[in-house]
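A.B. asks: Here it is, the structure, as structure tokens.
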Amino acid sequence: MVALAKANFSDLTEVESFVLCAVESGQEAQSTGSSAIRAEILEWLCTDTDAVRRVHRHGLALRGYGIVGLLDLIHAEIRFPIQLRDCAFDEDIWLKSARLRSLSFRTCYLQGMNADSASIDTNLLLIEGCETHGEVSLRGALVGGDIRTDGSTFNGSNNFALVCDRVRVSGGVFLSQASSIGRYYGEVRFAGANVSGNFDCEHGIFDNKEGASVNMERLKTSGGLFLRKSTSTGSVNVAASKIEIVLDCREAKILSLADRALHAEKISVGTHVLLDGGFSCGSAHFLGASVGGGLRCRASSIRKLDLRYARISGHFEWAEMDRPRESTIDLRDATVGSIKDDVQSWPEEGRLLLDGLGYERFSDSTTEVKSRLRWLQLDMTESVQPYRQLSRVYQLNGHPEEASKVLFALEELVRSRDKSVIRRIWNGLLKHTIGYGYQLWRAAVLMILLITIGTGISAVAYRTKLVAPTDKDANVLFTTDYRVPMQYPRFSSTIFSIEHSVPGLNLGVSESWSADTTAYWPRHRWVGPVVRVWFWLQTMLGWFLSIFFLAGISGIIKSSK
């Protein structure tokens, strides 16, 4: 190997000769001091046909060397693994469209690296405290194992730290883990990437105040996306991504002040979205998202949550939130399986938008109708649909009385918009007589009251002969002797009152007894006319209540707005 190298490099150093001998024997070449190797020697070793045949199957393994110059392996096909530990590069590494068995950097110091469209059969590792000072790019690369950059620090250039757009990974991606935190100063991009395993950013630090800290737009992963306990100074973009298992953002901090600090528009998540346990974000945007499980916001700080048109199969949870009155929740046209919340976490009026929201039930939350009506009133748009939806939920869950109360409140809301005095009077009559058709018991109570008053007046009128038989002979006998023939129907003040109150009802008393138009109370002549007016008024009120009652049953007076 050394002789072959000297034929190509007349100035081969002792350090370079030592490295070539180690590579040929399958040993790790370990530096004993401050040693440097020219990048062109490594390039020759990886691409020269005769040199490649002499490389041991263990491949190239270096520890503690400085690599001098640009390492150009563009389009190279490297048939052995490359493992570098404690090495330092003073210029970039070019691996564009290269084919490698495996590539491992451990505790190395790198400038930039361009591995666009490269193919790596197994793992790509930049771990155990690696440090880069330039853009690391793997656009369109194919990695047969894992990508691991956890525990390393990426100092990007031109605001880009790690660019892996359209990369395809057969294993998982590990940018940071609890035991080995990754730090990225510049944007991290995995737009359009396809990952077969988990995507782990746990405890990661992503610093890019100029724009997005993490861009995973259109990411596809067969595992979960874990941002737990990570910190991002810029926005996090996972829009249109497809995550088969879970999006875990527990305890994550997104410090961006952008309108879409967490941009998850049209994201698809197989199970749950977890935004709890101290999660903090100015604005979380889930427009049109699809979540197979639940979306949980508990003990978190979210100033704005946009769930318009989202589809959440499980429950939407909003509870124990930090400063909830300052939050805005937009649930317009969203569909959720159930709602799990607490009164203390409700926002202030005008910050809750519910128009078009569909849900089936409340889970471990207050279902008291007064509280839920107050919940609806937090939406200041005064939309009709939220009331109808709440009524439907009460009805589906076996609470018809609460459903009617909600619809009654809806009628009051709609009719309160009427400015006409006549319509206001009409609405007042409908409210107090039949509760706009939802509280028909009011008409029944008024009818009973009318019958009761009528019964008392009828009894007094009978004793004072202001009510007398309609038959001429019986009338004479009654007015002179206060009795009627044996075969004549007896008077009942209750039945008499009922017949005057209920239209069309004939129990045989009213046709035999009526107010005597000629009789009067000797001491108070006005009593007779007043009693006769009362019986007329009682009949009119009876007709009025009956018509309203039937109208309430038919639903024709219920607002169609």
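A.B. asks: For segment 348-416, just say rounded, prolate or oblate: build the C-alpha gyration tensor, square-root its eigenvalues into a ≥ b ≥ c, call rounded for a/c under 1.5, and beyond that prolate if a/b exceeds b/c, oblate if not.
C.D. replies: oblate
A.B. asks: Next up: On a 25 Å Cα-Cα criterion, which of the cross-link pairs 253/370; 419/558; 209/304 come out too long?
C.D. replies: Table pairs above 25 Å Cα-Cα are 253/370.
A.B. asks: Place a +1 charge on the Cβ of each Lys and Arg in the chain and a -1 charge on the Cβ of each Asp and Glu, then give the dipole magnitude about the Cα centre in debye, rounded to the nearest 20.
C.D. replies: 3260
A.B. asks: When a/c is below 1.5 the answer is rounded, else prolate if a/b is larger than b/c, else oblate, so apply that to the chain with a ≥ b ≥ c taken from the square roots of the Cα gyration tensor eigenvalues.
C.D. replies: It comes out prolate by the Cα gyration axes.
A.B. asks: Still on this model: Put a dot 7 Å past each Cα toward the Cβ at residue 210 and residue 472; how far apart are the dots in nm?
C.D. replies: My value for the distance between the label points is 11.5 nm.
A.B. asks: Could you give the longest part of the chain that holds none of the chymotrypsin sites (Phe, Trp or Tyr not before Pro) found in DSSP loops with at most 10 neighbouring Cβ atoms within 10 Å?
C.D. replies: Counting only loop sites that pass the neighbour cut-off, the longest clear stretch is 1-481.
A.B. asks: For segment 46-144, what class follows from the C-alpha gyration tensor (a ≥ b ≥ c being the square roots of its eigenvalues): rounded when a/c is under 1.5, otherwise prolate if a/b is larger than b/c, else oblate?
C.D. replies: Verdict is rounded for segment 46-144.
None of the figures in this text is laboratory data; all of them are computed from the coordinates on show. The structure presented is a predicted model; accordingly, all values stated were derived computationally and were not measured. Virtual Cβ from ideal backbone geometry, glycine too; neighbours counted across all protein chains shown.
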